[in-house]
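Visitor: Starting off with a structure, shown below.
The values are calculated or read from the model by the stated rules, or taken from the named source; none is laboratory data. Quantities reported herein were computed from a predicted structural model and do not represent experimental measurements. For neighbour counting, all protein chains shown are included, and Cβ atoms are generated from backbone atoms with ideal geometry for every residue, glycine included.
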Ligand SMILES: NC(=O)c1ccc[n+]([C@@H]2O[C@H](COP(=O)([O-])OP(=O)(O)OC[C@H]3O[C@@H](n4cnc5c(N)ncnc54)[C@H](O)[C@@H]3O)[C@@H](O)[C@H]2O)c1
């Protein structure tokens, strides 16, 4: 039995290419048959979503038949992605690698040292163990996810990747060393994407010979859970690259938005000044931290108040993002307040350090 690689498996839907009793065409032209362990209503929803056909066999198993390629929403303007490379297996890299493997892509993740790689891979395995324990996936799926993921310390192992996502530390010197190395190691048609939150992607593309194939793909933490990705196009990124990355993002189950390569993209451009204003409000004694949070939760319907959100995001991360925005636009709106800087100086980083605006 051969399994198609689609993210449908993440929904508990299995694909196979042998359905002789039903006479389903399984030519590699892209017609697939999907056996579902999901409840019928989910199959019907999927079938209508993908213009598929529902077939019941004698045992009551539901098959969902549709054009595999239409599922991927490939257009003539986008290239096909089969193998994905991820550089860095830290907090974001491990989440991105997990997401790609779950979506059925052959995924290879590269780290600088074995202990970092082991730690990142253990984090991913831990997430799958937890999903298995909670009944979100079954053993076969857990095995399947694992079979799609491999770790390496050698960039040469990424040579045949169609798309590589860089998620190394937020340091421009490191990224500018990495991009030419990737450019030399990868096949000429491969795309190179950066997960940077604040650095200049145009500059990363400029140190390669394929600036048209470089753009940002900004995931949010935790990457396997958060639905949004920002596609960041530079002045050199081609339309084909944007369309390929858009289709790829959708195949991961994400909702992509496209932004130009300027500091903050869409989300941080709007979010950071809001968070900084909340800190200034608290710092100037205009309201208590609890009241600021309650006001925005109940008055605006936000899931959490700004100071709680700051603790969740990390005060150090917020400070870097504010500095990058301030550096780009030189507007007081983006200037980090003295309190934020001093909290970071004293190690009050939020949840991750046990203390920020609140204690954990
Ligand atoms: N943390 C977040 O919430 C968040 C959200 C969105 C985007 N980002 C961006 O994602 C990127 C990674 O952030 P993170 O939080 O995962 O950092 P992290 O420190 O957790 O992980 C970075 C990893 O990259 C590895 N690394 C460094 N140089 C490398 C190289 N040349 N090759 C392979 N691996 C290398 C490090 O060993 C480390 O394990 C940054 O650009 C950051 O701006 C972070």
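Visitor: Evaluate the following for residue 210: is it more than 19 Å from residue 85 (Cα to Cα) and away from the ligand (no atom under 11 Å from the Cβ)?
Guide: Values: more than 19 Å from residue 85 (Cα to Cα): no; away from the ligand (no atom under 11 Å from the Cβ): yes.
No: the conditions fail for residue 210.
Visitor: I'm trying to understand the selection: among the residues of the stretch 327-339, which are on the phi < 0 side of the Ramachandran plot and either loosely packed, with under 15 Cβ neighbours inside 10 Å or modelled with pLDDT under 95 (or both)?
Guide: First pass over the stretch 327-339, keeping only residues on the phi < 0 side of the Ramachandran plot: 327-329, 331-339.
327, 328, 329, 331, 332, 333, 337, 338 - these are the residues of the stretch 327-339 that are on the phi < 0 side of the Ramachandran plot and either loosely packed, with under 15 Cβ neighbours inside 10 Å or modelled with pLDDT under 95 (or both).
Visitor: Say we look at the stretch 176-207 and pick out the residues that are out of contact with any helix residue (DSSP H, G or I) (no Cβ under 8 Å at 6 or more places or on another chain) and over 14 Å from residue 263 (Cα atoms); which of these is nearest to the ligand (Cβ to nearest atom)?
Guide: The residue in question is 178.
Visitor: Taking the stated definitions as given, is residue 225 crowded, with 16+ Cβ neighbours inside 10 Å and on the phi < 0 side of the Ramachandran plot? Steps first, please.
Guide: Working: crowded, with 16+ Cβ neighbours inside 10 Å: no; on the phi < 0 side of the Ramachandran plot: yes.
Here the answer is no, as residue 225 does not meet what is asked.
Visitor: Would you check if there is a residue in the stretch 117-130 being modelled with pLDDT under 95 and surrounded by 17 or more Cβ atoms within 10 Å (Cβ to Cβ)? Break it down into steps so the answer makes sense when it comes.
Guide: Going through the stretch 117-130, the residues modelled with pLDDT under 95 turn out to be none.
No - not one qualifying residue is present in the stretch 117-130.
Visitor: Taking interchain pairs and intrachain pairs at least six residues apart, which have beta carbon atoms under 7 angstrom, with the first residue in the stretch 88-107 and without any contact (Cβ under 8 Å) to a residue 40 or more places away in the chain and not assigned by TED's automatic domain parsing to the domain that holds residue 170 and the second within 15 Å of the ligand (Cβ to nearest atom) and in a helix (DSSP H, G or I)?
Guide: Taking only residues 6 or more apart or on different chains, not a single pair turns up.
Visitor: Which condition number in (1) surrounded by 13 or more Cβ atoms within 10 Å (Cβ to Cβ); (2) touching a residue at least 24 places away in the same chain (Cβ under 8 Å) is the one that residue 142 fails?
Guide: (2)
Visitor: Using the structure shown, decide if residue 264 is on the phi > 0 side of the Ramachandran plot, in a loop (DSSP other than H, G, I, E, B) and more than 14 Å from the ligand (Cβ to nearest atom).
Guide: On the way: on the phi > 0 side of the Ramachandran plot: yes; in a loop (DSSP other than H, G, I, E, B): yes; more than 14 Å from the ligand (Cβ to nearest atom): no.
It is false that residue 264 is on the phi > 0 side of the Ramachandran plot, in a loop (DSSP other than H, G, I, E, B) and more than 14 Å from the ligand (Cβ to nearest atom).
Visitor: Kindly indicate whether residue 151 is modelled with pLDDT of 95 or more, loosely packed, with under 13 Cβ neighbours inside 10 Å and either farther than 30 Å from residue 264 by Cα or away from the ligand (no atom under 16 Å from the Cβ) (or both). I'd like the intermediate steps shown before the answer.
Guide: On the way: modelled with pLDDT of 95 or more: yes; loosely packed, with under 13 Cβ neighbours inside 10 Å: no; either farther than 30 Å from residue 264 by Cα or away from the ligand (no atom under 16 Å from the Cβ) (or both): yes.
Considered against the rule, which asks whether it is modelled with pLDDT of 95 or more, loosely packed, with under 13 Cβ neighbours inside 10 Å and either farther than 30 Å from residue 264 by Cα or away from the ligand (no atom under 16 Å from the Cβ) (or both), residue 151 comes out as no.
Visitor: Considering every residue within the stretch 119-133, establish whether at least one is closer than 20 Å to residue 248 by Cα and out of contact with any helix residue (DSSP H, G or I) (no Cβ under 8 Å at 6 or more places or on another chain).
Guide: Step one: of the stretch 119-133, the residues closer than 20 Å to residue 248 by Cα are none.
So far as the stretch 119-133 goes, no, none of its residues is closer than 20 Å to residue 248 by Cα and out of contact with any helix residue (DSSP H, G or I) (no Cβ under 8 Å at 6 or more places or on another chain).
Visitor: Quick test for you: out of 311, 316, 291, pick the one residue that is more than 27 Å from the chain's Cα centre (by Cα) and assigned by TED's automatic domain parsing to the domain that holds residue 344. So that I can check it myself, show each step before the final result.
Guide: Working: 311 fails: more than 27 Å from the chain's Cα centre (by Cα); 316 fails: more than 27 Å from the chain's Cα centre (by Cα).
Going through 311, 316, 291 in turn, the sole match is 291.
Visitor: Next up: Filter the stretch 158-175 down to the residues that are touching a residue at least 60 places away in the same chain (Cβ under 8 Å) and within 12 Å of the ligand (Cβ to nearest atom), then identify the one that is farthest from residue 83 (Cα to Cα). Before the answer, list the steps.
Guide: Just the residues of the stretch 158-175 that are touching a residue at least 60 places away in the same chain (Cβ under 8 Å), to begin with: 158, 160-170.
If we keep only those that are within 12 Å of the ligand (Cβ to nearest atom) as well, we get 158, 164-170.
Working: 158: 9, 164: 9, 165: 11, 166: 14, 167: 17, 168: 19, 169: 23, 170: 25 Å.
Only one residue fits best here, namely 170.
Visitor: Quick one: count up the residues across the stretch 231-255 that are within 13 Å of residue 201 (Cα to Cα) and either surrounded by fewer than 23 Cβ atoms within 10 Å (Cβ to Cβ) or within 16 Å of the ligand (Cβ to nearest atom) (or both).
Guide: The first filter runs over the stretch 231-255 and keeps only residues within 13 Å of residue 201 (Cα to Cα), leaving 231-237.
Going one step further and asking which of them are either surrounded by fewer than 23 Cβ atoms within 10 Å (Cβ to Cβ) or within 16 Å of the ligand (Cβ to nearest atom) (or both), we end up with 231-236.
Counting residues in the stretch 231-255 that are within 13 Å of residue 201 (Cα to Cα) and either surrounded by fewer than 23 Cβ atoms within 10 Å (Cβ to Cβ) or within 16 Å of the ligand (Cβ to nearest atom) (or both) gives 6.
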